[in-house]
Amino acid sequence: MSDCIFCKIANKEAKSNIVFEDDMVVAFRDLDPKAPEHVLIIPKKHIESINKLEQVDKELAAHILVDVVPKVAQKLKIDESGYRVVINTGDEGGQTVKHLHVHVLGGRNMTWPPG
Ligand code: 5GP
Ligand code: ZN
């Protein structure tokens with residue numbers, strides 16, 4: 001989508017600090033980190049939220065969870081210490097950018113429940 005900031009990051013029209021990329025996803029550092037390590041994983045394809053995932057996106061969704069999240073955690077060196085994976089969805093879920101993104105947060109103790 002032309003006015004979507006994460007689409008712009010995915011196709012390099014907007015700058016970001018990329019930590020991992022392949023043909024399906026880009027992972028980049030959050031502009032306003034909420035933990036010492038805070039990376040966002042996005043599909044290159046514009047998908048608004050979990051609500052808009054379709055059957056054809058199953059491979060993509062599995063790829064993110066099975067391949068990309070652990071790889072990013074290893075790169076950030078938080079795989080052993082632990083980390084949190086968050087997908088805010090919709091207004092009450094705290095989603096501010098309407099392009100599906102997976103937060104990977106670590107480097108400190110996470111509290112529960114979240115705010
Ligand atoms: P949400 O609140 O939608 O779950 O998360 C959106 C996240 O995107 C926020 O943590 C915010 O700091 C981050 N963010 C928003 N705009 C940009 C941007 O232009 N670049 C980067 N790197 N992060 C962004
Ligand atoms: Zn987008």
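Within segment 66-81, how many residues are surrounded by fewer than 18 Cβ atoms within 10 Å (Cβ to Cβ) and either within 13 Å of ligand 1 (Cβ to nearest atom) or more than 19 Å from residue 100 (Cβ to Cβ) (or both)? Counting residues in segment 66-81 that are surrounded by fewer than 18 Cβ atoms within 10 Å (Cβ to Cβ) and either within 13 Å of ligand 1 (Cβ to nearest atom) or more than 19 Å from residue 100 (Cβ to Cβ) (or both) gives 6. Residue pairs whose Cβ atoms lie under 7 Å apart, sitting 6 or more positions apart in sequence or on different chains, and linking a residue in segment 7-27 that is at pLDDT below 95 to a partner that is surrounded by 13 or more Cβ atoms within 10 Å (Cβ to Cβ), do not occur here. Restricting segment 18-35 to residues that are within 7 Å of ligand 1 (Cβ to nearest atom) and open to solvent by 20 Å² or more (accessible area, probe 1.4 Å), the residue that is nearest to residue 76 (Cα to Cα) is 29. Under the condition of being more than 13 Å from ligand 2 (Cβ to nearest atom) and part of a strand (DSSP E or B), the residues counted in segment 11-48 number 11. Restricting attention to segment 49-65 and to residues that are in a helix (DSSP H, G or I) and open to solvent by 60 Å² or more (accessible area, probe 1.4 Å), the residue that is nearest to residue 28 (Cα to Cα) turns out to be 65.
The values are calculated or read from the model by the stated rules, or taken from the named source; none is laboratory data. Computed from a predicted model, the values in this text were never measured in an experiment. As a convention, Cβ positions derive from the backbone with ideal geometry for all residues, glycine included, and neighbour counts pool all protein chains shown. What goes into the accessible areas is simple: the full protein's heavy atoms, side chains included, and nothing from ligands, DNA or RNA. Shrake-Rupley method; radii C 1.70, N 1.55, O 1.52, S 1.80 Å.
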